[in-house]
2 protein chains.
Amino acid sequence: MAGPATYFDPANAPRLDAPVRDLVERRARVMGSAYRLFYDDPVQLVRGEGTKVYDVDGVEYLDAYNNVPSVGHAHPRVTAAMTHQAGLLTTHTRYLSEGIVAYAEDLLGTLPAAIDNIMFTCTGSEANDLALRIAKLATGGTGVIVSANAYHGVTTEIAGISPSLAGIESVAEWARVVRAPGTDVDFGEAVEAAVSELGVFGIRPAALIVDTVFASDGVYPDVPGLTRAVAAVRRAGGLFIADEVQPGFGRLGHGMWGFERYGLVPDLVTVGKPMGNGQPIAAVMAPHGLIDRFNERSRYFNTFGGSSVSIAAAQATLDVLRDENLIDNARDVGAYLLEALRASGHFGEVRGAGLFIGAQLESAERAVKAVNDLRERRVLLSASGAGNDSLKIRPPLPFSRADADRLLTELDTVLS
Amino acid sequence: MAGPATYFDPANAPRLDAPVRDLVERRARVMGSAYRLFYDDPVQLVRGEGTKVYDVDGVEYLDAYNNVPSVGHAHPRVTAAMTHQAGLLTTHTRYLSEGIVAYAEDLLGTLPAAIDNIMFTCTGSEANDLALRIAKLATGGTGVIVSANAYHGVTTEIAGISPSLAGIESVAEWARVVRAPGTDVDFGEAVEAAVSELGVFGIRPAALIVDTVFASDGVYPDVPGLTRAVAAVRRAGGLFIADEVQPGFGRLGHGMWGFERYGLVPDLVTVGKPMGNGQPIAAVMAPHGLIDRFNERSRYFNTFGGSSVSIAAAQATLDVLRDENLIDNARDVGAYLLEALRASGHFGEVRGAGLFIGAQLESAERAVKAVNDLRERRVLLSASGAGNDSLKIRPPLPFSRADADRLLTELDTVLS
């Protein structure tokens, strides 16, 4: 991504305090140039609880950014479930296990009835990679349509449909990138044009894949034209893959899934990040007919996908999500925050649903400065959007009104 | 894979006892046709300790198969390390952390000095996918050479170089498959021919990727011609990727890595399965120059790759491997087992090193029957090889002489 970013610039290492500098330099030596750190002054976190994290000096930060520890940092029920299972057995899916079947039934119960099969992976990247393989095998098509600044993951195949990774030139020749929401082109119209263009090149569409909150495009939870876009792809024989890795598991505050806002039933649904509250677990869900067609032509086994400990973490996470009414909390606190951000006068557009909000500033420079200033004031968040000019507010779901007030106060301080 | 297999045939579900049948049927409804179970009579494991696992009725089995729980099932030090870290914080690599840097230094210290950078992923598939991306970007080549029944993983890219998944027709057009060890063609000669053939098609080689124990080809720890093969690929501008996902972390009983047997220094090394004793962690290691070239053209971030809990598990696993002298144990018990298997008269070729052994029977039918008969006698293993005619013996590394004797006794019973 060109332009100002919220990442640490290694050239500034000499300016850091000695112990931090030492760790940054050791890290660079062994982890190399691909690893980036957040902030001009990197944070060394060692502990977390709910929506708070603590650095190596015991300083407390409000976490308004991390969506993976979705039911709260180090949630005791999730830790207990993992500990219990790790003390018993960690194994794969080629032995029978009650836990994985019960979890699969539980999770599929939150989706439309047609989506009745699940396949477990470890990461959202693997889930999207598998979903695309299934879509390509099932349709016989190869074309894939994505939004302008889409991010769907980092396998070779999925990097080819993730223009946000390395720009438009890294997009695969069988992919078509369409204008993102927020531009003056209707998303449905743009996808119709992409389907036509694929046709001109003799490429049959396999799928339209959409992060249903368009997170990397700048957070757009309600996109006019998505229904029309899905219809266009289906008419041409392609499938609709709902990438729920970011919006899923209740973050948007209404139901479990981003696609529910549209009344659409996807052909494939992928989930990941918050699924195990930090444990590496992700999945593809689809009607069994699609899975069967894939299975006639290929086979799939993921050694760690759906391993005993990962399933224990995922089940505990889902239980806590319900028992602590975190979706309602995301709706209530999210609405409160959205309204207050809009009323603050600091932002252009403030977009979002539940606890996923993009708040636009005048420029990337200003957004990056705000992110670093907030870090100094002990509030963690980041920037997003094609122009990197929006603050990305995406805290753990137990984020309270008091947390929201603290965030609003600090935002007011750094932006005034 | 055609022919007899060690997997459960769903058509036989009605023959199972009621509680097992019920779980098998519920499983099939939600997990679908891609999930396979081991054995004619699937095993429902609920607990493990060291080299023993226990089913839902409390029956004990000797595990002579699972390489993932490498330092032993439910090792208390690994569980304690995970529990401690999960109770503190699970987070990603964009915050500073001492643990990940210390682990990276520790692990890289077991490799040749030239290999000084590590990138963390969650699975061996992701590690091989990333290694191939790095190799392709760094060399400008696209051609990849693999062995005849190779298995390197399940992402779209890596499935294209894994003929064992769905046969030769599933291999990507930029891949070349060469005769595996065990045939009458020298591996070095075969790779030289493949390099030439790529040249004829105008495809520049990016890499030769080899599981250094040729596990899915039938277990070949010492392949004449591998050094020659590597030289041929390097002459043509390609790199050598050592896939250590199966042989790595001391399983072969001499040093940590399979490539050490050849005195070769790979360009890229991938690791996975036993790395966290079941926790989903894997990695790519390479000289920083290669990583830098990748990073100039792309970027990579894996949300769960190297997460705090995964690193804690990996560090504890590496500590236990050393503190309990498990590599020496793999060497000693492995040598004892290899000799006894050869002397037993039941097998054709018995190949292997340390605790990774392939013991060949007359046919796949006989191997599959032996695997199922052993399961009835409470010993778990599986079959391997292109012909699926070799028993695959690959137990957790604390496998003792007493465990070996028990395995030998039961083998004698079922094969006599």
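The values are calculated or read from the model by the stated rules, or taken from the named source; none is laboratory data. It should be emphasised that the depicted structure is a prediction, and the values quoted were computed from it without experimental measurement. Neighbour counts run over all protein chains shown; Cβ positions are idealised from the backbone, glycine included.
The stretch B:163-277 holds helices (runs of 4 or more DSSP H) entirely within its bounds, and those carrying 3 or more residues that are assigned by TED's automatic domain parsing to the domain that holds B:Ala114 and under 24 Å from B:His288 (Cβ atoms) map to B:226-235. Of all the residues in the stretch B:24-36, those that are modelled with pLDDT of 95 or more and crowded, with 19+ Cβ neighbours inside 10 Å number 4. Scanning the stretch B:44-56 for any residue that is more than 27 Å from B:Asn325 (Cβ to Cβ), touching a residue at least 12 places away in the same chain (Cβ under 8 Å), part of a loop (DSSP other than H, G, I, E, B) and not assigned by TED's automatic domain parsing to the domain that holds B:Ser308 turns up at least one such residue.
Criterion applied to A:Asp243, A:Asp267 was being closer than 25 Å to B:Asn302 by Cα and more than 11 Å from chain B (Cβ to nearest Cβ), and the one residue passing it is A:Asp243. The condition of being aromatic (Phe, Trp, Tyr), farther than 30 Å from A:Glu60 by Cβ and either assigned to a helix (DSSP H, G or I) or more than 9 Å from every other protein chain (Cβ to nearest Cβ) (or both) holds for B:Tyr151.
Of these, B:Gly218, B:Gly263, B:Gly225, which one is among the small types (Gly, Ala, Ser) and farther than 23 Å from B:Ser164 by Cα? Testing whether each residue is among the small types (Gly, Ala, Ser) and farther than 23 Å from B:Ser164 by Cα leaves just B:Gly263.
This table checks each residue for (1) under 19 Å from the mean Cα position of the chain (by Cα); (2) under 22 Å from B:Phe301 (Cβ atoms).
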residue	(1), (2)
B:Thr227	no, no
B:Leu252	yes, no
B:Gly258	yes, no
B:Ala283	yes, yes
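Could you say whether any residue in the stretch A:363-379 is among the polar types (S, T, N, Q) and touching a strand residue (DSSP E or B) at 6+ places or on another chain (Cβ under 9 Å)? Among the residues of the stretch A:363-379, not one is among the polar types (S, T, N, Q) and touching a strand residue (DSSP E or B) at 6+ places or on another chain (Cβ under 9 Å), which makes the answer no.
Residue-wise test of (1) without any contact (Cβ under 8 Å) to a residue 12 or more places away in the chain; (2) more than 30 Å from A:Ser97 (Cβ to Cβ).
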site: B:Asn66; (1), (2): no, no
site: B:Thr79; (1), (2): yes, no
site: B:Gln85; (1), (2): no, no
site: B:Thr90; (1), (2): no, no
site: B:Asp106; (1), (2): no, yes
site: B:Asp116; (1), (2): no, yes
site: B:Ser125; (1), (2): no, no
site: B:Leu132; (1), (2): no, yes
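Figure legend. Inter-residue proximity from the stretch B:184-212: first residues farther than 16 Å from B:Ala231 by Cβ, second residues buried (at least 19 other Cβ atoms within 10 Å of the Cβ) and of a type in the set (Asp, Glu), beta-carbon distance below 6 Å, spacing 6+ or different chains. Indicated pairs: B:Asp211/B:Asp243. Here A:Glu169, A:Glu189, A:Glu173 are screened, and the one residue that is under 30 Å from A:Arg299 (Cα atoms) and either among the charged types (D, E, K, R) or away from every other protein chain (no Cβ under 14 Å) (or both) is A:Glu173. From the list B:Arg299, B:Arg251, the one residue that fits, being away from every other protein chain (no Cβ under 14 Å), among the basic types (Lys, Arg) and more than 25 Å from B:Gln85 (Cα to Cα), is B:Arg251. Restricted to the stretch B:283-310, and to residues there that are assigned to a helix (DSSP H, G or I) and free of Cβ contacts under 8 Å to residues at least 24 places away in the same chain, the residue that is nearest to A:Thr123 (Cα to Cα) is B:Asn295. Among the residues of the stretch B:197-221, those identified as more than 14 Å from the chain's Cα centre (by Cα) and either over 21 Å from B:Leu130 (Cα atoms) or surrounded by 23 or more Cβ atoms within 10 Å (Cβ to Cβ) (or both) are B:Glu197, B:Leu198, B:Gly199, B:Val200, B:Phe201, B:Gly202, B:Pro205, B:Ala206, B:Ala207, B:Leu208.
The combined condition, being more than 10 Å from chain B (Cβ to nearest Cβ) and charged (D, E, K, R), is fulfilled by A:Asp57.
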